[in-house]
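For reference, the structure is listed below as structure tokens.
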Amino acid sequence: MYIVAGIIVAIVVFLSVGYVKSPPNTATIISGPGKHPRVLIGKAGFKIPFLERVDRMGIGQIDIDIETEDYIPTKDFINIQVDAIAQVAVDTSPENIEIAMRNFLNKSSDDVRNTITKSLQGNLREIIGTMELKDICQNKAEFSEQVKSNAKEDIAQLGICILSFNVQNIKDKDGLINDLGIDNREQISKSASIAKAYASKEVAIEEAKANNESNIEKIKTETEIAERENALAIKKAALKLNEDTARAKADAAYKIQEEASRKEIEIQAQEANIARREKEIELQEKEAAVAEKKLDAEVRKKAEADKYAEMQKADAELYKRQKEAEAKLFEQEKDAAAIEARGQAESRAIQLKGEAEAKAMDLKAEAMKKYGDAAITEMIVKILPDMAKAIAEPISSIDKVTVIGGDSNGVSDMAGNVPAVLMKVMESMKETTGVDLKGIIEANSKEAKTDRNITIRELERNDIPETVEQETK
């Protein structure tokens with residue numbers, strides 16, 4: 001299996017390496033062990049790899065400009081230069097292509113062109129020496145054909161064939177070609193002048209004959225024209241008479257017919273006016289109906305539009321009021337919630353404050369109850385100086401006292417009024433509150449004078465509630 005695959009691959013590689021294809025304008029030469037090389041033109045073939053080689057040679061048309069390098073003498077010893085162009089190509093016949101291969105294979109196109117040009121220049125010089133200048137100038141085609149025929153054998157020795165050869169230009173060294181042309185020009189000019197004179201004479205004779213014949217024909221033609229015009233005038237007069245008679249009759253008939261037609265036209269015009277008025281009235285009625293329908297449609301449309309606009313406006317106003325009411329209600333609910341929260345906070349604060357004050361009062365009452373008259377007496381003793389100060393404060397604001405009459409103890413008597421006022425205050429307090437400060441003081445006066453301070457100091461600090469301690473401070 002692998003051997004077969006290897007063989008197939010080898011065959012494919014061999015074929016791909018050995019395959020050779022040649023275009024139509026190129027000769028592909030396969031050379032090798034054989035005696036004669038194989039030539040492929042416009043077809044494909046195979047070469048044996050490593051044993052045969054492939055070379056290519058162009059066989060297309062080659063254009064060659066041929067110009068003699070110096071002046072060449074003709075048969076009549078006139079020096080001339082000739083400029084020609086030739087088209088050549090490789091001869092592809094089996095015997096000649098081998099010659100071309102030997103001469104031009106692997107050479108550049110310039111080398112091929114130079115070799116062929118030199119060969120053609122030699123043949124051109126040979127033919128110039130065998131012909132006279134007049135023959136060369138007058139028979140360029142014959143001259144070109146002789147050069148082509150003379151060069152054919154030499155070019156064939158190179159393996160080349162001449163396709164065409166044409167002389168382009170001929171120049172002489174002394175201007176004799178122009179002199180040859182002078183004689184020809186003069187002969188042509190002389191012949192042309194004689195021909196022109198003969199032609200002018202014949203033209204004049206022919207013009208005279210033509211004028212005579214033309215006059216005869218003109219007189220004849222004018223006579224015939226006059227006769228025809230006379231007959232035409234007579235005929236026109238008769239025709240005019242008949243025409244006038246017929247016109248008079250026609251005018252009379254026309255007037256009669258015109259009158260009848262006028263009456264008929266007037267009647268038709270009146271009928272047309274009546275019909276037109278009827279049509280106008282009918283049209284106006286239809287226009288009025290259309291206008292009425294249009295107005296009704298426009299009014300109805302406008303009313304519906306206004307109604308729709310009012311409905312839209314009312315819906316918008318209702319929507320706006322609803323949104324405003326919702327917003328207001330939302331704000332009120334927020335305010336109410338805030339007020340409620342603030343009220344609850346204030347209520348809680350008041351409650352806490354009341355509870356604190358009530359608790360303080362309870363503690364104070366418990367302290368008062370615990371310590372009894374000693375605490376009350378201490379409180380009264382503390383406030384008596386303040387009461388005395390408040391009573392004596394108006395007396396301290398007196399700047400000057402003038403005593404008129406009486407004894408000299410007037411100021412002392414005024415100062416002695418402070419205790420009296422203080423006694424009045426204690427009596428009033430007893431009547432209003434039921435608290436007898438005087439009785440309390442009198443009942444505890446001995447204790448207050450002797451060991452008040454000792455008793456107060458003996459009280460244990462921890463037994464006095466904090467609220468009472470703050471109040472006593």
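The values are calculated or read from the model by the stated rules, or taken from the named source; none is laboratory data. What you see is a predicted model; the values in this text were computed from it and never measured. Ideal geometry is used to build each Cβ from the backbone, glycine not excepted, and the neighbour counts take in all protein chains shown. Ligands, DNA and RNA are excluded from the accessible area calculation, which covers all protein heavy atoms including side chains. Shrake-Rupley method; radii C 1.70, N 1.55, O 1.52, S 1.80 Å.
Is it the case that Lys171 is modelled with pLDDT of 85 or more and either assigned to a helix (DSSP H, G or I) or of a type in the set (Ser, Thr, Tyr) (or both)? The answer is no for Lys171.
Evaluate the range 101-109: report whether one residue or more is at positive phi and either among the polar types (S, T, N, Q) or touching a residue at least 40 places away in the same chain (Cβ under 8 Å) (or both). Within the range 101-109 (the criterion being at positive phi and either among the polar types (S, T, N, Q) or touching a residue at least 40 places away in the same chain (Cβ under 8 Å) (or both)), the answer is yes, since at least one residue qualifies. If the condition is being without any contact (Cβ under 8 Å) to a residue 12 or more places away in the chain and farther than 19 Å from Asn96 by Cα, then the range 29-64 contributes only Phe50. Taking the criterion of being out of contact with any helix residue (DSSP H, G or I) (no Cβ under 9 Å at 6 or more places or on another chain) and either small (Gly, Ala, Ser) or open to solvent by 60 Å² or more (accessible area, probe 1.4 Å) (or both), the residues of the range 111-137 that qualify are Arg113, Asn114, Lys118, Arg125, Gly129, Glu132. In the condition set (1) of a type in the set (A, V, I, L, M); (2) surrounded by 17 or more Cβ atoms within 10 Å (Cβ to Cβ); (3) assigned to a helix (DSSP H, G or I); (4) touching a residue at least 40 places away in the same chain (Cβ under 8 Å), Ile177 is compliant with all but (2).
Among strands (runs of 3 or more DSSP E) entirely within the range 1-101, having at least 1 residues that are among the charged types (D, E, K, R) and open to solvent by less than 50 Å² (accessible area, probe 1.4 Å) singles out 53-58. For the range 145-161, the criterion of being among the polar types (S, T, N, Q) and in contact (Cβ under 8 Å) with a residue 24 or more places away in the chain is met by at least one residue.
When Ser108 is tested against (1) surrounded by fewer than 16 Cβ atoms within 10 Å (Cβ to Cβ); (2) over 60 Å from the mean Cα position of the chain (by Cα), exactly one condition is not met: (2).
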